[in-house]
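So the structure is just underneath, and the comments pick up after that.
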Amino acid sequence: MKNLFILILLLTISTLSLAESFCGKIIDSKTLHPIPFVNISLKGTYSGTVSDANGRYKLMVPNKSDYIICFSCIGYQSVEISYIQLKEKSDIILTPSITPLNEIVIMPDSTLRSFLSKAYNKIADNYPKQPTTYEVFHRSGLQNGDKDYIRLNEVLLNAYKSSYDDKTEGTVSIIKTRKYIEPNQSNEFQYVYYGAVYDIHHDDLIKNRRKYLKPDKNYDYELYGVEYYNNRKVYVIDFKPKVDKKLKYKGKIFIDAKTLGYLKIELSPTEQWLKERYNDVLGLHSNIKAEDFDFVVNYSIKDSVFYYQSSYYKEKINHRDSTYYFVDENVVTSVQIDEVNKIPFNQQVPITYVPTIEAKEYSKSDWKDYATIPDAIKIDTTTKELFISPSPKPTTKQMIQKLMTKMEFTIGIRYFANSIEQSKIDFNYQHLSFNKEINQLNASLNFDETILYKLNKRNGIGYQLNFSLSKAFRTSNNCLYYNYRIPVKTIGRNIFINLSTGYSWLSLEQSLGTKNSNTNFKFGGKKFKNNKVQAYSGLKINGLTFGSDIEFQFSNIFHLVLSTNYISPIKTVDIITLQERSGFFLFRKHASEPISNKNIDYFINDIPSNKSGMKFNNWSFGIGFKMKI
């Protein structure tokens, strides 16, 4: 199966080398203005592209003279031309469609909401009923105030979508990448955006069943007008939040009157979105202000089935009194509906994949001449300057960002199965004497932290630290381990099983109280000053650790983790620990000695003992939240 998937990718890429590239512009016959987001397809196939926000397009057509190329856009009469005609003239003129006066419709609110409800309930019928795979050209980047790119990423990717029966999100694999960073402006805006390569899933508002489609009681709806698309009547419906509702989006919904399928959705921000966009609790984005955005997602029709075709997002940002534009474009170039295979786990990229950090530089990429939307930056085709000139060296912040994408952090609570019987403990050492009545203890709760460095999709090296939350009982566990990940569910909300093995340094101790020392003394090879000292008794364990956990994804970056560990002791020592309780906490001395030390007198219920009374039952259980950056 894996070899078949790779073969398909190779065939896809090799086919592109046998294709001819057409570049042109699509304009309105009356206004002569460019027409954005025109669907362009090879008739009888699932291949094509769309025009960009400036009406420009770039189309790859296999070297075959009998292709018919279709240009269609809501509100315009469709145009079909032959391969030969396109070679002669690549600029296309579309004529606006005219809506007859007798077709202008007025709908009362109840009728309009009923119409929207019917369209929403027909999503599963109008969109793919089986899994599909898409080849997608993705471009995202940052423009300065003059709308010139200072940072640009381009990705050719494969996407797997499950059926539209539910909202389950699909997966993505990367075929080719390239990036460009303007050397003179590379440090102007250091923020990066994650998740962009998953836009074919995130931007698919229909599959995600956005609540304003339903319709929702918190929105007002109005029939904006009637348009035509490929001789099909299309209702244009305007929506916006009710006055007293703090919702983030407003926009237009374009619905095919015959099938009730959604053809296009346009979104723009409300004041609430502008207020919340960069308003995080920690104030990390305090110097960024969102000013506006435009978003549109388009769907195409093939054999009475609606498919995601493209999406476009452009956000205007103010950063330190300078204007920037974040641009994100996605165009489907082909759709596979037969013999669809899931993307193998080892080839899937995570939601946290950031092209700005991980894509290949133009100068290092062997992907030089393929795109499905026009070139975003000008290239000196004589010297290929962009291809031979490396991007500026990554900043310290960028290197840290790249490192962080390989890290996973878990914070939680761990239950240790250790115990001690109710007893009276006496401990004497030189001039110090401690007496403590110990209550029965059957377990302890610890604060748990884990850091995992991912070597690849399945393997990683981690470090675990946990310590007790009780003053009367102290636990400290350090573990260095190897982790192996087994995917259980990779479509939609992921589920993984992790198996680990490592080496642990563990101490389990109960407090024997605090005493004031009136003289300096030595203990465990360290000199203690005449100040307050606290004593502990317990176990020091070194051993092999075997662990397993199951993690459930519940957001893009957060997972719930349930875990269990077993420690097989190699060496166990009953110890006494002394720790200073005066002075700055980072400089307080602490040291341990075996209870068997001849200078230590230790009694349990007035009986001399070389044992601390602490028992460890080898097992621990944890629950926590994992963050994947």
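The values are calculated or read from the model by the stated rules, or taken from the named source; none is laboratory data. Fair warning: this is a prediction, and the values are worked out from it, not measured in the lab. Cβ: placed from backbone, ideal geometry, glycine included. Neighbour counts: every protein chain shown. Heavy atoms of the whole protein, side chains included, go into the accessibility calculation; ligands, DNA and RNA do not. Shrake-Rupley method; radii C 1.70, N 1.55, O 1.52, S 1.80 Å.
Things to note:
- Which listed residue is more than 30 Å from residue 154 (Cα to Cα) and either outside any strand (DSSP E or B) or in contact with a Pro (Cβ under 6 Å, 6 or more places away or on another chain) (or both), from 220, 238, 216: 216
- Residue 503 in contact with a Gly (Cβ under 9 Å, 6 or more places away or on another chain), among the aromatic types (Phe, Trp, Tyr) and over 25 Å from residue 594 (Cβ atoms): no
- Condition check for residue 493: under 18 Å from residue 349 (Cα atoms) and in contact with a strand residue (DSSP E or B) (Cβ under 6 Å, 6 or more places away or on another chain): yes
- Close pairs from region 307-329: first closer than 30 Å to residue 130 by Cα, partner open to solvent by 30 Å² or more (accessible area, probe 1.4 Å) and outside any strand (DSSP E or B), Cβ under 7 Å, at least 6 apart: 310/37; 312/37; 312/53
- Given (1) free of Cβ contacts under 8 Å to residues at least 60 places away in the same chain; (2) assigned to a strand (DSSP E or B); (3) open to solvent by 20 Å² or more (accessible area, probe 1.4 Å), index of the condition residue 293 fails: (3)
- Flag: residue 409 does not match the condition of being closer than 30 Å to residue 516 by Cα and either surrounded by fewer than 17 Cβ atoms within 10 Å (Cβ to Cβ) or at pLDDT 70 or above (or both).
- Consider region 556-591 and keep the residues that are under 19 Å from residue 452 (Cα atoms) and assigned to a loop (DSSP other than H, G, I, E, B). The one that is least open to solvent (accessible area, probe 1.4 Å) is 557.
- Residue count, region 440-456 (criterion: at pLDDT 90 or above and surrounded by 15 or more Cβ atoms within 10 Å (Cβ to Cβ)): 7
- Residue among 134, 164 that alone is part of a strand (DSSP E or B), buried (at least 16 other Cβ atoms within 10 Å of the Cβ) and among the aromatic types (Phe, Trp, Tyr): 134
- Checklist (1) closer than 23 Å to residue 304 by Cα; (2) β-branched (Val, Ile, Thr); (3) surrounded by fewer than 18 Cβ atoms within 10 Å (Cβ to Cβ) applied to residue 243, failing item: (1)
- Residues of region 479-519 that turn out to be assigned to a strand (DSSP E or B) and either open to solvent by 30 Å² or more (accessible area, probe 1.4 Å) or within 17 Å of residue 464 (Cα to Cα) (or both), as a count: 27
- Scanning region 412-428 for residues that are hydroxyl-bearing (Ser, Thr, Tyr) and open to solvent by 40 Å² or more (accessible area, probe 1.4 Å) yields a count of 1.
- Selected residue (criterion: nearest to the chain's Cα centre (by Cα)) from residues of region 457-478 that are open to solvent by 70 Å² or more (accessible area, probe 1.4 Å) and in contact (Cβ under 8 Å) with a residue 24 or more places away in the chain: 469
- Subset of region 44-64 [under 19 Å from residue 294 (Cβ atoms), buried (at least 19 other Cβ atoms within 10 Å of the Cβ) and either of a type in the set (Asp, Glu) or touching a Gly at 6+ places or on another chain (Cβ under 8 Å) (or both)]: 52, 57
- Filtered residues of region 143-156 (kept if open to solvent by less than 20 Å² (accessible area, probe 1.4 Å), of a type outside the set (S, T, N, Q) and within 17 Å of residue 313 (Cβ to Cβ)): 152, 154, 155
- Entry remark, region 32-82: residues being of a type in the set (Phe, Trp, Tyr) and not in a loop (DSSP other than H, G, I, E, B) number 3 in total.
- Restricting the first member to region 26-46 and to residues that are within 13 Å of residue 95 (Cβ to Cβ), and the second to residues that are surrounded by fewer than 16 Cβ atoms within 10 Å (Cβ to Cβ), the beta-carbon pairs closer than 7 Å and six or more apart or on different chains are 27/33; 29/95.
- Any hit, region 141-150, residues being in contact with a Lys or Arg (Cβ under 8 Å, 6 or more places away or on another chain) and among the charged types (D, E, K, R): no
- Cβ-Cβ under 9 Å pairs, at least 6 apart or on other chains, region 592-604 side surrounded by fewer than 18 Cβ atoms within 10 Å (Cβ to Cβ), far side assigned to a loop (DSSP other than H, G, I, E, B) and hydrophobic (A, V, I, L, M, F, W, C): 593/600; 594/600
- A residue that is open to solvent by 60 Å² or more (accessible area, probe 1.4 Å), at pLDDT below 90 and either under 22 Å from the mean Cα position of the chain (by Cα) or within 30 Å of residue 98 (Cβ to Cβ) (or both) can be found somewhere in region 188-204.
- Only one entry of 84, 93 meets the criterion of being over 40 Å from the mean Cα position of the chain (by Cα), of a type in the set (A, V, I, L, M, F, W, C), at pLDDT 90 or above and open to solvent by 30 Å² or more (accessible area, probe 1.4 Å), and that entry is 93.
- Of all residues in region 1-43, those satisfying the criterion of being loosely packed, with under 11 Cβ neighbours inside 10 Å and modelled with pLDDT of 90 or more are 30, 31, 32, 33.
- Taking (1) closer than 30 Å to residue 108 by Cβ; (2) touching a residue at least 40 places away in the same chain (Cβ under 8 Å); (3) among the polar types (S, T, N, Q) in turn, residue 158 satisfies each apart from (1).
- Exclusive hit being open to solvent by less than 20 Å² (accessible area, probe 1.4 Å), within 30 Å of residue 497 (Cα to Cα), within 45 Å of the chain's Cα centre (by Cα) and in contact (Cβ under 8 Å) with a residue 12 or more places away in the chain, set 620, 548: 620
- Taking region 260-277 as the range and being more than 26 Å from residue 52 (Cβ to Cβ) and open to solvent by 30 Å² or more (accessible area, probe 1.4 Å) as the test, the residues that pass are 271, 272, 275, 276.
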